1. From A:74, A:54, grab the single residue that is over 22 Å from residue D:54 (Cβ atoms) and out of contact with any Pro (no Cβ under 8 Å at 6 or more places or on another chain).
2. State which residue is nearest to residue C:15 (Cα to Cα) when the search covers only the range A:30-58 and only residues that are part of a loop (DSSP other than H, G, I, E, B) and charged (D, E, K, R).
3. State whether one or more residues within the range C:30-39 are crowded, with 19+ Cβ neighbours inside 10 Å and farther than 20 Å from residue A:48 by Cα.
4. Here are the criteria: (1) more than 9 Å from chain D (Cβ to nearest Cβ); (2) crowded, with 16+ Cβ neighbours inside 10 Å; (3) among the aliphatic types (A, V, I, L, M). Tell me which single one residue E:56 does not satisfy.
5. Scanning for something within 13 Å of chain A (Cβ to nearest Cβ), under 18 Å from residue D:4 (Cα atoms), part of a loop (DSSP other than H, G, I, E, B) and without any contact (Cβ under 8 Å) to a residue 12 or more places away in the chain, does the range B:59-68 turn up at least one residue?
6. When the range C:1-24 is examined, which residues are found to be within 10 Å of another protein chain (Cβ to nearest Cβ) and either touching a strand residue (DSSP E or B) at 6+ places or on another chain (Cβ under 6 Å) or buried (at least 18 other Cβ atoms within 10 Å of the Cβ) (or both)?
7. So which residues in the range E:8-40 are free of Cβ contacts under 8 Å to residues at least 12 places away in the same chain, farther than 16 Å from residue E:64 by Cα and small (Gly, Ala, Ser), if there are any at all?
8. Look at residue B:71 and say whether it is under 18 Å from residue D:74 (Cβ atoms) and without any contact (Cβ under 8 Å) to a residue 24 or more places away in the chain.
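Just so it is clear, none of the values below were taken in a lab; they were calculated from the coordinates. For clarity, every value in this text was computed on a predicted model and none was experimentally measured. So basically every Cβ, Gly included, is an ideal-geometry build from the backbone, and we count neighbours across all protein chains shown.
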Amino acid sequence: MEIMQVIDELVCTRRVAGLGVESLRVLKDQKGALSVATDPVGVPPGKWVFTVSGSAARYAMRDPKITTDLTICGIIDHWDE
Amino acid sequence: MEIMQVIDELVCTRRVAGLGVESLRVLKDQKGALSVATDPVGVPPGKWVFTVSGSAARYAMRDPKITTDLTICGIIDHWDE
Amino acid sequence: MEIMQVIDELVCTRRVAGLGVESLRVLKDQKGALSVATDPVGVPPGKWVFTVSGSAARYAMRDPKITTDLTICGIIDHWDE
Amino acid sequence: MEIMQVIDELVCTRRVAGLGVESLRVLKDQKGALSVATDPVGVPPGKWVFTVSGSAARYAMRDPKITTDLTICGIIDHWDE
Amino acid sequence: MEIMQVIDELVCTRRVAGLGVESLRVLKDQKGALSVATDPVGVPPGKWVFTVSGSAARYAMRDPKITTDLTICGIIDHWDE
């Protein structure tokens with residue numbers, strides 16, 4: 001699992017059916033690279049989280065049929081950047 | 001999921017049967033590296049999209065038997081490069 | 001499988017249900033990058049371990065329903081950094 | 001899927017049973033890194049192809065029990081290096 | 001599949017049950033990075049091999065329940081470093 005910071009919400013009106021209406025987050029990793037994750041936890045921007053990738057990203061969703069490859073798993077209590 | 005820009009269509013006459021007649025797109029990631037994705041959304045060149053990889057790339061297609069590992073999931077409404 | 005060093009425990013109160021109450025470890029790889037793993041072995045900080053990723057990370061847990069993508073597989077007996 | 005160039009055939013007499021007698025190709029990616037792929041298309045050295053990785057690499061083979069993680073999916077009609 | 005050189009055996013007394021008593025190898029890739037693989041072929045140090053990753057790494061083992069993500073698939077007959 002990777003350590004990342006939530007930067008923003010991703011607004012995406014036109015999407016595949018498999019994503020449903022899940023809210024999406026833009027995350028920044030420790031090298032500054034951006035990616036997009038589904039968020040079953042509900043994390044505000046600025047927080048440090050850890051994410052799970054691959055098939056486990058689907059199982060971490062309440063509905064495992066959501067077609068994601070990156071899901072926020074939890075908020076890190078304390079993180080010194 | 002990764003943030004990428006659609007660059008072009010990929011013309012490929014000779015292909016494995018598992019790809020069917022799916023249209024393919026050449027994408028550029030944030031570092032400039034190119035890759036190829038299936039496109040169930042129908043995205044014109046120039047648009048910024050986000051893509052899903054791994055087994056989820058198949059589930060994001062209308063037909064999950066398509067042998068892809070990268071699928072365009074949606075068009076990002078606004079993206080400042 | 002990757003060779004990594006256990007750095008610390010990760011404290012995370014708010015997490016997805018799929019992680020249960022599994023203890024989490026912060027690991028450092030050979031390039032210094034940090035990641036988070038589940039730990040069925042019980043490894044103290046400072047030890048060098050090897051980890052398994054992808055779907056195998058779930059099968060390496062006692063309970064394969066745990067939604068992890070990185071699991072500590074064993075402690076390396078001797079490792080010269 | 002990745003864009004790669006076929007460099008050579010890989011000669012490998014001693015192999016695991018799961019690879020059968022499949023012919024193997026050495027490929028070079030856009031950064032010059034080499035890897036090995038199974039080739040259900042039959043591509044001569046020098047050609048630019050795109051490849052699929054992960055579990056989809058098995059499904060792209062005529063026999064999905066072949067234990068590969070990288071399979072040539074098609075020949076790109078025109079590619080300017 | 002990746003091209004790697006076998007460097008050493010990995011001694012690991014304390015390990016997860018899912019690895020059984022499989023022997024483990026330390027491998028070096030073309031950039032010099034080290035990783036750990038299961039070895040159903042039986043390869044002595046110094047040899048150049050190619051490896052399979054992901055779920056295919058389990059299917060390449062005689063027992064597909066072994067929790068590995070990297071397995072040696074074959075010895076390359078001739079390799080100029």
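1. Working: A:54 fails: over 22 Å from residue D:54 (Cβ atoms).
When all the criteria are applied, what remains is A:74.
2. As a first pass, look at the range A:30-58 and keep what is part of a loop (DSSP other than H, G, I, E, B): A:30-33, A:39-47, A:54.
With the extra rule that they be charged (D, E, K, R), the set shrinks to A:31, A:39, A:47.
On the way: A:31: 24, A:39: 11, A:47: 13 Å.
Only one residue tops the list, namely A:39.
3. Residues of the range C:30-39 crowded, with 19+ Cβ neighbours inside 10 Å: C:35-39.
Checking the rest, the ones that are also farther than 20 Å from residue A:48 by Cα come to C:39.
The answer is yes; a qualifying residue exists.
4. It is condition (1) that residue E:56 fails.
5. No: the range B:59-68 contains no residue that is within 13 Å of chain A (Cβ to nearest Cβ), under 18 Å from residue D:4 (Cα atoms), part of a loop (DSSP other than H, G, I, E, B) and without any contact (Cβ under 8 Å) to a residue 12 or more places away in the chain.
6. Here is the first cut: in the range C:1-24, the ones within 10 Å of another protein chain (Cβ to nearest Cβ) are C:1-3, C:10-19, C:24.
The answer is C:1, C:2, C:3, C:10, C:12, C:14, C:15, C:16, C:18, C:19, C:24.
7. Restricting attention to the range E:8-40, the residues satisfying the condition of being free of Cβ contacts under 8 Å to residues at least 12 places away in the same chain are E:11, E:13-15, E:17, E:21, E:31-33.
Still in the list and also farther than 16 Å from residue E:64 by Cα: E:11, E:13-15, E:31-33.
If the condition is that a residue be free of Cβ contacts under 8 Å to residues at least 12 places away in the same chain, farther than 16 Å from residue E:64 by Cα and small (Gly, Ala, Ser), then E:32, E:33 are the ones that fit.
8. No; evaluated as a whole, the condition is false for this residue.
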